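Working notes, structure below.
The values are calculated or read from the model by the stated rules, or taken from the named source; none is laboratory data. What you see is a predicted model; the values in this text were computed from it and never measured. Quick reminder, even Gly has a Cβ in these numbers, built from the backbone with ideal geometry, and neighbours come from all protein chains shown. Note: areas computed on protein heavy atoms with side chains; ligands, DNA, RNA excluded. Shrake-Rupley method; radii C 1.70, N 1.55, O 1.52, S 1.80 Å.
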Amino acid sequence: MRVAFTAVPDSHLPPVDELLSIAVGALGGSERQGQITMVEAVQKAIDGEEHLAVQAGTGTGKSLAYLVPSIRHAMDSDTPVVISTATIALQRQLVDRDLPRLSEALAKELPHEPTYAILKGRRNYLCRYKATAGWPEEDEQDQLFDPREVSATGRMVQRIQEWAEETETGDRDELVPGVSEQAWRQFSVSAQECLGATRCPSGPECFAELARARAGEVDVVVTNHALLAIDAMGELPVLPEHEVVVVDEAHELVDRVTSVVTSELSEQSVTLAVRRVGRLIDQPIADQLLEAGEDLKALLTAAPPGRIDDMPQVLGLTLQLIRDTAWRCISAMGSRNADKDDPDKAGQRKAAFTALDEVHDTAVRMLEAYGHASEADRAEVVWLDAGSDRRPPSLRVAPLSVSGMLRDKLFGERTVVLTSATLALGGTFDGLAAQWGLGNGGKDWQGIDVGSPFDHPRAGILYVAKHLPQPGRDGLPQQYLDEITELIEAAGGRTLGLFSSMRAAKAATEALRDRLDVPLLCQGDDSTMLLVKQFAEDEPTCLFGTLSLWQGVDVPGPSLRLVIIDRVPFPRPDDPLTSARQRHVAAKGGNGFMSVAANHAALLLAQGVGRLLRSQDDKGVIAVLDPRLATARYSSFLLGSLPPFWRTTDPAVPRAALKRLSAEPA
């Protein structure tokens, strides 16, 4: 639904356009029309208590455009505004660069200098009590057979212990280089495991509680999509009371929320629950749960991976056994508040209850996923994940849609501004709005595209290799390798290769290293951060990779003149969740392919294409090798999701353009 915003009386504070002008001037920039449009729209949305989706291309200055009205509202209402991001990199940019500079610039215009803080989930903070007290062991069984793993984890544990003596925040992200999840778990607790600030001996010094306290006193709280979802959907609030949320990197909101509400069950999780119970209950009862976990392991090891549409009888009986034996263990544990005066024992009980609850509730949830009258009535999907060499097979369960949760829990309670460079898929916001649950009887909302400061038709060429064969499942055809070689040679290197799978990226790297005279890096050769740094600093270098490079690379300047995309990035046909969602939409009368697969492809394709122009002086070519972008019925939808580059299917055009760019002086 698209509506006009409701005007409200002006505040006693300076108008938002004046604050933006002051901020831009103080930061040494220049105002851009898209930024002005966005800042006014965000202010109207806040004033009118209506939701807003803003597509703002790279270079718009969208962070400033939502921070200025957010700060103004926080001052005017005396309530904080929550800014949620998908990535740590953007959180750090906001807290370390954007907010400090903006706060200083606006200090004289506002009642006080704006304040801000970052808040993460409890698992991200070191638990002082767990670091010093006896606590259930977190060892992994498979490490018992690999001394190298034990040794590496031991060194990480020692580093954490040394860091724990000096850290002022306890924030895991400040521990550089990072440590494994296995090592970190020995020093952190989940919200469910936490004893609580009043019962824990380290409560007054708790890093997580101190972070929450700081967040409750500032104007802007920066957090992540996962914690935003936990706060909105949990019984107890995690974030301070707030009226306005800004969701940056909003194209990732659905996936991040889905991850939060996805549960997993394996023999390993059952065994962990039994270990946590320890001697708190009679051994025969715990043994029953252990045996049920072993039955599950035998089933999962023998079964094929993938979506489970109909519950096999033997699996159903095993899940019932796990459910019932877990409940017997929970009942045998007695009161959850026992031993409350003994922190060590209380911590052990809390950890045991947490693990048992997770096993029991997940088994219940999986059993309840079946038995619906029709596919349209189904709410969740269960699938078998085959695991890996380091991770055993597991059962997973996830909702087919999170739109209802978001509509009721996030959008129903507060005003939400969603922004990204990629929101209007096929030229409309309707696809993502449906996934968010907007427009279904809730608050009114509006979607606007404020454009981009880049002159896309003059700065870049979108070349679709219409003459190539359609991509198959048997790796990259020889014609694709020849095309990549000729394009890279024309560009003199300077190429970011975005592939639909790591297998394709590695195969292309292996095949082309001997054919090219320029350095060729592949994701996985080193840390992604170091590879991107090397790529940016050495102009002839090429970098090939997969998903994280589609969205995470920001390399302005002459080091990036060519972006190659091997195929339209549709989800795998055998992906359990997306295939189930596609079928569910079709069962309810919709177009499952367009609503799920095409939306997914358009979103990722737009993100990949967005790697090319990162600054006003950037120029180059995007080469999509998949001819379906020019020939398929859905091609207009995909092309309508991309910036308006100059388009061609003539192979000579991009080669000539790249040679001209390569010849330009640096």
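R0 = 45 Å: FRET efficiency of Asp341 with Asp255, Cβ-based, nearest 0.05? Working from the Cβ atoms, E equals 0.55.
Specify whether the C-alpha gyration tensor of the stretch 447-574 places it in the rounded, prolate or oblate class, a ≥ b ≥ c being the square roots of the eigenvalues: rounded for a/c under 1.5, otherwise prolate if a/b is larger than b/c and oblate if not. Cα axes put the stretch 447-574 in the rounded bin. Taking the protein heavy atoms of the chain in the context of the full set of protein chains, the accessible area attributed to carbon and sulfur is 49 percent at 1.4 Å.
Over the stretch 549-663, the reciprocal of the mean inverse Cα-Cα separation, the Kirkwood hydrodynamic radius, stands at 15.6 Å. Lys and Arg at +1, Asp and Glu at -1: add these up for the other residues within a Cβ distance under 14 Å of Ser635 and post the number. Value of the local net charge: +4. Bridgeable lysines around Lys466 (alpha carbons under 23 Å apart, same-chain partners fewer than 8 residues away excluded): Lys619, Lys659. Working from label points 7 Å from Cα in the Cα-to-Cβ sense, the Ala26 to Arg458 distance is 3.3 nm. Other residues whose C-beta falls under 10 angstrom from the C-beta of Leu613 contribute a net charge of 0, scoring Lys and Arg +1 and Asp and Glu -1.
Taking the structure as given and computing percent of Cα pairs over 34 Å apart, which label from (1) 69; (2) 49; (3) 52 fits? Working out percent of Cα pairs over 34 Å apart from the coordinates points to (3).
Taking a ≥ b ≥ c as the square roots of the eigenvalues of the Cα gyration tensor, the stretch 206-309 is oblate, since a/c reaches 1.5 or more and a/b is not larger than b/c.
Helical runs assigned H by DSSP (4 residues or longer) give the chain a calculated mean residue ellipticity at 222 nm of -13000 deg cm²/dmol, each run adding -39500 (n - 2.57) before division by the residue total. Residues whose amide H falls under 5 Å from that of Glu249, counting only those 5 or more places apart or on a different chain, are Thr419, with hydrogens built in the peptide plane. Straightening the chain between Asp574 and Met529 buys 13.1 nm, computed as 0.36 nm per residue apart minus the Cα-Cα spacing.
Taking a 27 Å limit on the Cα-Cα distance, which of the listed pairs Lys120/Lys588; Lys44/Lys409; Lys120/Lys409 fall beyond it? Checking Cα-Cα distances, Lys120/Lys588 exceed 27 Å.
Which of the aspartates and glutamates could a cross-linker span from Lys108 if the Cα-Cα distance has to be under 18 Å and same-chain partners fewer than 8 positions apart are dropped? Within the straight-line limit of under 18 Å, Lys108 reaches these aspartates and glutamates: Asp17, Glu18, Asp76, Asp78, Asp98, Asp219.
The calculated FRET efficiency for the pair Gln33 and Ala107, based on their C-beta separation and a Förster distance of 30 Å, comes to about 0.65.
Residue separation of Ser548 and Arg633 scaled by 0.36 nm, minus their Cα-Cα distance, works out to 27.8 nm of gained length. Rounded to 0.05, the FRET efficiency of the Val364 and Thr87 pair, given R0 = 45 Å and the Cβ-Cβ distance, is 0.85. Modelled spin-label separation between Ala332 and Gln313, with each label point placed 7 Å from Cα along the Cα-to-Cβ direction: 3.0 nm. Solvent-accessible area per residue in the chain equals 45 Å², computed with a 1.4 angstrom probe and all protein chains kept. For the stretch 86-94, putting each phi into the Karplus relation 6.51 cos²θ - 1.76 cosθ + 1.60 with θ = phi - 60° gives couplings of 8, 10, 5, 4, 6, 4, 5, 4, 5 Hz, in residue order, rounded to whole numbers and with x for Gly and Pro. Computed over neighbours whose Cβ is under 13 Å from that of Arg414, the net charge equals -4, Lys and Arg +1, Asp and Glu -1.
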